[in-house]
Amino acid sequence: MNSSKKCPQCGQWSRWSQSPSDRCEHCQAILDPQAVERQKARQQREQEEEKRFSIEFIQINPDDSWFTKFYKRIGLGFQIAFASIVSLIIWLIALLAG
Ligand SMILES: [Zn+2]
């Protein structure tokens with residue numbers, strides 16, 4: 001959808017496709033600085049959420065003792081169970097939100 005927007009910098013009207021990256025045809029100023037800020041904030045939030053849900057899985061080394069391997073496997077089992085529950089919750093939220 002195309003519309004026009006008054007440039008906040010030079011006050012002239014420019015074509016605006018309602019995208020945060022649109023710039024003024026006259027002075028190249030960003031037409032909607034607030035949208036750019038909003039987009040940046042959203043991207044930052046998404047990155048933080050990704051970090052929160054990413055799990056570092058325990059690595060089992062071939063030279064670990066049988067005891068180390070044993071408890072590492074138990075820990076890994078818990079991690080995998082936890083990861084599946086988290087992804088199930090994320091999936092449910094996405095389903096309910098959509
Ligand atoms: Zn301008």
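Between the helical axis of 33-53 and the longest alpha-carbon principal axis of the chain there is an angle of about 0 degrees. Using just its DSSP H runs of length 4 or more, each adding -39500 (n - 2.57), the chain gives a mean residue ellipticity at 222 nm of -19500 deg cm²/dmol after division by all residues. One chain, two ends: Ser4 and Glu37. Fully extended at 0.36 nm per residue, the span grows by 9.9 nm beyond their Cα-Cα distance. On a per residue basis, the chain carries 84 Å² of accessible surface, using protein heavy atoms and a 1.4 Å probe.
Suppose every Lys and Arg Cβ carries +1 and every Asp and Glu Cβ carries -1, with no other charges. What dipole size does the chain come out with about its Cα centre, to the nearest 20 debye? Mind showing how you got there, number by number?
On the way: 13 positive and 11 negative charges, 46 e Å.
Using only the charged Cβ atoms, the result is roughly 220 debye.
Placing pseudo-labels 7 Å out from each Cα toward the beta carbon at Ser17 and Ile89 gives an inter-label distance of 3.9 nm. In the chain, taking the dipole from charged Cβ atoms about the Cα centre, the farthest positive-side position among Phe67, Val86, Ala29 is held by Ala29.
Using the crude model of +1 on Lys and Arg Cβ and -1 on Asp and Glu Cβ, and no other charge, please compute the dipole size for the stretch 3-52 relative to its Cα centre, in debye to 20. Walk me through the intermediate numbers first.
On the way: 10 positive and 8 negative charges, 18 e Å.
Computed charge dipole of the stretch 3-52: roughly 80 debye.
Measuring from centroid to centroid over Cα atoms, what is the spacing of the stretch 68-98 and the stretch 12-37 in Å? Here the two parts' Cα centres lie 43 Å apart. The relative contact order of the chain, computed from alpha carbon pairs under 8 Å that lie at least 6 residues apart in sequence, is 14 percent.
State the percentage of accessible surface on the chain attributable to carbon and sulfur atoms; use a 1.4 Å probe and exclude ligands, DNA and RNA.
On the way: 4590 of 8190 Å².
Answer for the chain is 56 percent, counting heavy atoms of protein chains only.
Using a probe of 1.4 Å, the accessible surface attributed to Glu49 totals some 80 Å² when neighbouring protein chains are kept in position.
The values are calculated or read from the model by the stated rules, or taken from the named source; none is laboratory data. If you're wondering where the values come from, they're calculated on a predicted model, not measured in any experiment. Backbone-built Cβ (ideal geometry, glycine too); neighbour counts: all protein chains shown. Side chains are part of the model used for accessible areas, which takes the heavy atoms of the whole protein and leaves out ligands, DNA and RNA. Shrake-Rupley method; radii C 1.70, N 1.55, O 1.52, S 1.80 Å.
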